[in-house]
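**Q** Mind having a look at this structure? Questions to follow.
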């Protein structure tokens, strides 16, 4: 009897903890979960394409438009080329925007792809990211909208419009500026670009 009560309490605690997490994203078909906590989840496909959901704290004034413009500027400075932009929506109806990029890592000649779907709640900024070798882009990007739609993002307040805000206008990545000074924020990996 005591074991049954302990097991029931453990199951209830686990269920409540997952309900309080800022997101819910189960591994899509073809991906394995590598690590997960409240700051996000990392997954990997068998062909070395990475899928990552990074969660950051939002700030006062942080909207989908604000974070989208910030992301485009930061990635443009790193040499990323914006290829496509389109609206997205999470499973629980939070508005998001998908951005598809191409880039060549420094010191390499190999073309890569990087796509990110940004969702913004009152509490958090979510960057759902997929990246890998360019020849694998078509296969993985064909499923990104479905993965975004299966993602639950939390932290919305019913009395604000942050979670249902407007889409950013069509953004254009500015050309990288020639500079010898690098901002500290530019040294963060692309996964942290949304913050």
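**Q** Search segment 107-129 for residues being over 20 Å from residue 67 (Cα atoms) and touching a residue at least 24 places away in the same chain (Cβ under 8 Å), and hand back the single one that is surrounded by the fewest Cβ atoms within 10 Å (Cβ to Cβ).
**A** It comes out as 110.
**Q** Just the residues that are free of Cβ contacts under 8 Å to residues at least 24 places away in the same chain and either out of contact with any strand residue (DSSP E or B) (no Cβ under 9 Å at 6 or more places or on another chain) or crowded, with 20+ Cβ neighbours inside 10 Å (or both), please, taken from segment 60-105.
**A** 60, 61
**Q** For residue 148, are the conditions met, namely being out of contact with any helix residue (DSSP H, G or I) (no Cβ under 6 Å at 6 or more places or on another chain) and either closer than 18 Å to residue 104 by Cα or at pLDDT below 90 (or both)?
**A** When the stated conditions are applied, residue 148 does not pass them.
**Q** Here is a further query. Restricting attention to segment 130-143, which residues are surrounded by fewer than 22 Cβ atoms within 10 Å (Cβ to Cβ) and closer than 16 Å to residue 71 by Cβ?
**A** Listed by number, the list holds a single entry, 131.
**Q** Do we find that residue 36 is surrounded by 15 or more Cβ atoms within 10 Å (Cβ to Cβ), in contact with a helix residue (DSSP H, G or I) (Cβ under 9 Å, 6 or more places away or on another chain) and either part of a strand (DSSP E or B) or modelled with pLDDT of 95 or more (or both) in this structure?
**A** no
**Q** Suppose the filter is at pLDDT 95 or above, farther than 20 Å from residue 165 by Cβ and assigned to a loop (DSSP other than H, G, I, E, B); does residue 47 pass it?
**A** Considered against the rule, which asks whether it is at pLDDT 95 or above, farther than 20 Å from residue 165 by Cβ and assigned to a loop (DSSP other than H, G, I, E, B), residue 47 comes out as yes.
**Q** So in segment 152-164, with the set limited to residues that are in contact with a strand residue (DSSP E or B) (Cβ under 7 Å, 6 or more places away or on another chain) and not in a helix (DSSP H, G or I), which one is surrounded by the fewest Cβ atoms within 10 Å (Cβ to Cβ)?
**A** Applying the filter and picking the extreme gives 152.
The values are calculated or read from the model by the stated rules, or taken from the named source; none is laboratory data. Model, not experiment: these values are computed from the prediction. So basically every Cβ, Gly included, is an ideal-geometry build from the backbone, and we count neighbours across all protein chains shown.
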